[in-house]
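Reading through the structure tokens given below for one structure.
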Amino acid sequence: MTFMRAFTASALALLLVSGATSAAVAQDKIKIGAVLAVTGPASFLGDPEAKTLKMLADDINKKGGVLGKQIEIVIYDSGGDAAKAKQFATRLVEDDKVIAQVGGSTTGDTMAMIPVFEDAKLPFISLGGAVAVIEPIKKFVFKTPHTDKMACEKIFEDMKKRGLTKIGMISGQDAFGKSMRDECKKVIGTYGIEVLADETYGPRDTDMTPQLTNVKAKVGIQAVLNAGFGQGPSIVTRNYKQLGFTVPLYQSHGVASKGYVDAAGDAADGVRLPAAALLIAEKLPDSDPQKAVVVGYTKAFTEYAKQPVSTFGGHAYDGLNLLVEAIKRAGSTDGTKVRDEIEKTKGFIGTGGVVNMSPTDHMGLDLSAFRMLEIKKGDWVALQ
Amino acid sequence: MPELMQFMFSGLTVGAVYALVALGFTIIYNASDVVNFAQGEFVMLGGMVTFFATAAGVPLPIAAVLAIASAVAVGLVLYKLAIEPARGASVVTLIIITIGASIFIRGVAQIVFDKQFHRIPAFSGDAPFKILGATLLPQSLWVLAGTAITVAALWLFLQRTIFGKAIVATSANRLAAQLVGVDTNSVVAVSFALSGAIGALAGILITPITLTSYDVGTLLALKGFAAAMLGGMGNPVGAVVGGLLLGMAEQLSAGLISSKYKDAVAFIMILLILFVLPNGLFGRARVERV
């Protein structure tokens, strides 16, 4: 017993000492916060984001850090719960004294954390997808991922070019599907395209042939667009082939992963979709400005995390790089000065595209960030 | 007309999936009056183990046997570690334990396997049969055949074997069964193992249609449970009829009414039927002995 007690006491003492030293070291570190959905339903976003931030921070520190200081990423797991995200955001600002955040895996988490960072006047580079993050413009908030609206525009551009003006839509009833359906319907008018059939399905449904049968029955349909994420689009694609459609099927950027192609099998042949350059890193021509960045990130991440790259990790990679460059240019970690420099970012080449920020555009990406792909024999082929 | 045929085929496909999942509920319910909410996780294990075994190069039939064996093992462990220690607890407590177990199994599966969704290839190809202008996938017939064989096997087991009769006896009156020499503990243990096997078999047969992932069990269990309630809890034929009815209701309302309200239409139908027939279509009326 006495031995045990002595052991516990010394273990405690050791803990205290090591805690104290790490606090002392942390004084000369630049702390950057990241509230991410590492677990829970949005873990497919948060997990690669967290790994990417750790990997990139290690790399930056090895190369001498920023402004002569090492950087430290303080990660909290929101579990995809916006209320928790807000608590952690407050903790980042008040207890950890971070100088900025690169985080907020989902739009929900991001929106909950925006007031905290706006009040503290600290830059917040969000990884949330929806356009609501940056519209209307908030002084300290930026984002790196593409928006649904851009994916819609890219798809409609391709349809218009091919003279496809009467389409059917089938969308998931989850947040992704709903948001994309709404955004698509907002911009569709400018392309002169008409939606003749508008069907939905539950994110966990196992057979969508009734909805697709109704789409097929509409006279004059020239293409079908599936706005969805996860397993739904794979089943839609398989049902599409089962019913013997002859018009082209368009999918969203939400399925731009190997998982979709594997699950949909042969049925995915001929499907067109917009995707970030990251997915076709090796296939980009050497002249492509993004080639070096996306190949570099792909190689580093697959070696570090032993899992395939996803665009989500890429968004975190771009976010931290944008922030670090802005800190270097500002020569300081002062919130307002760093924010001003982020807003002045021009010609930054990230995994998501070429970023040109301005006081009216806190994302800085244009449609060239998306490539139209077609699936041929289980692999991506870039169109044009 | 071809449209209506297609809706019916779709209903048949989805209904067969629900029916096969619903069947898994019957045995444990018969042996112990417990609705096992971890049943969906057995289905998930069937699909996931088969996928990862085939991906590792194991031929499909052996992978399927492996999957069934692992679900049986999980069923037995679930009984030994969670249900047996709670012996004497009320049925409601046991049901809550199975809900906890389902969350636990899902969490472990997330770590042991991964968070992606996967598919195993259809057993006899993807070329659909064309009937009256509508299409039906061969895999749907596999699911229907699996359902029919499981029902027949269950009926033979429960009515024609001593052990099956012991299960029925345990469900009718546990104390009386013990008095005539039935080892009720091993009856309940075997019922968990069997349910694991039926669940895994369902998972293997339906994965080419529904795909699988660590969390696929939640919704399948919910739909399967609804189907089992509709047909009459504990009755294998009821489970099948309930499953097919539920699938038909969903897909017909998706096709004919609106895809937005198909789940609502299906559940309103269940509520109405249970309102008129509280024990389900084939359920036996409960007689309280005083």
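Inside the range B:231-253, can you point out the residues that are at the interface with chain A (Cβ under 10 Å from one of its Cβ atoms) and in contact with a Ser or Thr (Cβ under 8 Å, 6 or more places away or on another chain)?
From the range B:231-253, those at the interface with chain A (Cβ under 10 Å from one of its Cβ atoms) are B:247, B:250-253; that's our starting set.
Correct list: B:Gly247, B:Gln251.
Within the range B:68-83, residues that are without any contact (Cβ under 8 Å) to a residue 40 or more places away in the chain reach partners that are assigned to a helix (DSSP H, G or I) and among the β-branched types (Val, Ile, Thr) with beta carbons closer than 7 Å, at six or more positions or on different chains, in the pairs B:Ala82/B:Ile97. Before we move on, is A:Ile280 within 11 Å of another protein chain (Cβ to nearest Cβ) and touching a Leu at 6+ places or on another chain (Cβ under 9 Å)? No, not satisfied.
Please determine, by comparing only the residues of the range B:250-268 that are part of a loop (DSSP other than H, G, I, E, B) and either of a type in the set (Gly, Ala, Ser) or in contact with a strand residue (DSSP E or B) (Cβ under 7 Å, 6 or more places away or on another chain) (or both), which one is farthest from A:Lys218 (Cα to Cα). Lay out the reasoning, then the answer.
Looking only at the range B:250-268, we keep the residues that are part of a loop (DSSP other than H, G, I, E, B), and these are B:257-261.
So of that shortlist, the ones also either of a type in the set (Gly, Ala, Ser) or in contact with a strand residue (DSSP E or B) (Cβ under 7 Å, 6 or more places away or on another chain) (or both) come out as B:258-260.
Details: B:Ser258: 15, B:Ser259: 16, B:Lys260: 18 Å.
Among residues in the range B:250-268 that are part of a loop (DSSP other than H, G, I, E, B) and either of a type in the set (Gly, Ala, Ser) or in contact with a strand residue (DSSP E or B) (Cβ under 7 Å, 6 or more places away or on another chain) (or both), the one farthest from A:Lys218 (Cα to Cα) is B:Lys260.
Against the numbered list (1) under 21 Å from the mean Cα position of the chain (by Cα); (2) more than 14 Å from chain A (Cβ to nearest Cβ); (3) within 30 Å of B:Pro128 (Cα to Cα), B:Leu60 comes up short only at (1). When the residues of the range A:160-194 are filtered to those that are within 24 Å of A:Ser234 (Cβ to Cβ) and among the polar types (S, T, N, Q), the one that is nearest to the chain's Cα centre (by Cα) is A:Ser179. One residue stands out among those in the range A:100-123 that are part of a loop (DSSP other than H, G, I, E, B) and of a type outside the set (S, T, N, Q): the one that is farthest from A:Asp77 (Cα to Cα), which is A:Lys121. Looking only at residues in the range A:185-232 that are over 26 Å from A:Ser257 (Cβ atoms) and hydroxyl-bearing (Ser, Thr, Tyr), the one that is surrounded by the fewest Cβ atoms within 10 Å (Cβ to Cβ) is A:Thr190. Within the range A:280-334, if we keep just the residues that are surrounded by 15 or more Cβ atoms within 10 Å (Cβ to Cβ) and among the hydroxyl-bearing types (Ser, Thr, Tyr), the residue that is farthest from A:Phe348 (Cα to Cα) turns out to be A:Tyr304. Give all pairs with beta carbons closer than 7 Å in which a residue from the range A:158-174 that is under 18 Å from A:Asn214 (Cα atoms) meets a residue that is among the polar types (S, T, N, Q) and not in a strand (DSSP E or B); count only pairs at least 6 apart in sequence or on separate chains. Within 7 Å, the pairs are A:Lys166/A:Gln222; A:Ile167/A:Gln222; A:Ile170/A:Gln211.
Identification of helices (runs of 4 or more DSSP H) wholly contained in the range B:1-95 with 2 or more residues that are of a type in the set (S, T, N, Q) yields B:2-32, B:39-55.
Among A:Ile342, A:Ile375, which is the only one that is in contact (Cβ under 8 Å) with a residue 40 or more places away in the chain, touching a helix residue (DSSP H, G or I) at 6+ places or on another chain (Cβ under 6 Å), under 23 Å from A:Glu49 (Cβ atoms) and surrounded by 17 or more Cβ atoms within 10 Å (Cβ to Cβ)? Working first, answer last.
Working: A:Ile375 fails: under 23 Å from A:Glu49 (Cβ atoms).
Within the list A:Ile342, A:Ile375, the selection yields A:Ile342.
Looking only at residues in the range A:266-275 that are in contact with a helix residue (DSSP H, G or I) (Cβ under 8 Å, 6 or more places away or on another chain) and within 14 Å of chain B (Cβ to nearest Cβ), the one that is surrounded by the fewest Cβ atoms within 10 Å (Cβ to Cβ) is A:Asp266. Select from the range B:260-275 the residues that are among the β-branched types (Val, Ile, Thr) and under 20 Å from the mean Cα position of the chain (by Cα) and list them in ascending order. Of everything in the range B:260-275, just one residue is among the β-branched types (Val, Ile, Thr) and under 20 Å from the mean Cα position of the chain (by Cα), namely B:Ile270. Residues in the range B:184-212 that are within 14 Å of another protein chain (Cβ to nearest Cβ) and hydroxyl-bearing (Ser, Thr, Tyr): B:Thr207, B:Thr210, B:Thr212. Within the range B:126-139, residues that are over 11 Å from A:Gly244 (Cβ atoms) and more than 10 Å from every other protein chain (Cβ to nearest Cβ) reach partners that are modelled with pLDDT under 85 and in a helix (DSSP H, G or I) with beta carbons closer than 7 Å, at six or more positions or on different chains, in the pairs B:Leu132/B:Pro2.
Among the residues of the range A:260-271, which ones are touching a strand residue (DSSP E or B) at 6+ places or on another chain (Cβ under 8 Å) and at pLDDT below 90?
Residues of the range A:260-271 that are touching a strand residue (DSSP E or B) at 6+ places or on another chain (Cβ under 8 Å), as a first pass: A:260-263, A:268-271.
Of everything in the range A:260-271, those that are touching a strand residue (DSSP E or B) at 6+ places or on another chain (Cβ under 8 Å) and at pLDDT below 90 turn out to be A:Tyr260, A:Val261, A:Asp262, A:Ala263.
Taking the range A:238-255 as the search range and keeping residues that are under 26 Å from A:Lys149 (Cα atoms) and touching a Leu at 6+ places or on another chain (Cβ under 7 Å), which one is surrounded by the most Cβ atoms within 10 Å (Cβ to Cβ)? Once the filter is applied, the top-ranked residue is A:Gln251.
How many residues are within 14 Å of chain B (Cβ to nearest Cβ) and surrounded by 20 or more Cβ atoms within 10 Å (Cβ to Cβ) if we restrict to the range A:175-184?
Here is the first cut: in the range A:175-184, the ones within 14 Å of chain B (Cβ to nearest Cβ) are A:177-178, A:181.
Going one step further and asking which of them are surrounded by 20 or more Cβ atoms within 10 Å (Cβ to Cβ), we end up with A:177, A:181.
So the answer is 2.
With within 25 Å of the chain's Cα centre (by Cα) and within 13 Å of chain B (Cβ to nearest Cβ) as the only criterion, which of A:Ala263, A:Ala197 stands out? Step through it out loud before you land on a result.
Working: A:Ala197 fails: within 25 Å of the chain's Cα centre (by Cα).
Answer to the selection: A:Ala263.
To keep it simple, each residue is scored yes or no on (1) farther than 27 Å from A:Gly353 by Cα; (2) surrounded by 19 or more Cβ atoms within 10 Å (Cβ to Cβ); (3) under 21 Å from the mean Cα position of the chain (by Cα).
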{"residue": "A:Lys54", "(1), (2), (3)": "no, no, yes"}
{"residue": "A:Gln70", "(1), (2), (3)": "yes, no, no"}
{"residue": "A:Val74", "(1), (2), (3)": "no, yes, yes"}
{"residue": "A:Pro123", "(1), (2), (3)": "no, yes, yes"}
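The number of residues in the range A:200-219 being modelled with pLDDT of 90 or more and away from every other protein chain (no Cβ under 13 Å) comes to 0.
The values are calculated or read from the model by the stated rules, or taken from the named source; none is laboratory data. None of these values were measured; they are calculated from a predicted model. Here Cβ is always computed from backbone atoms with ideal geometry, including for glycine, and neighbour counts include all displayed protein chains.
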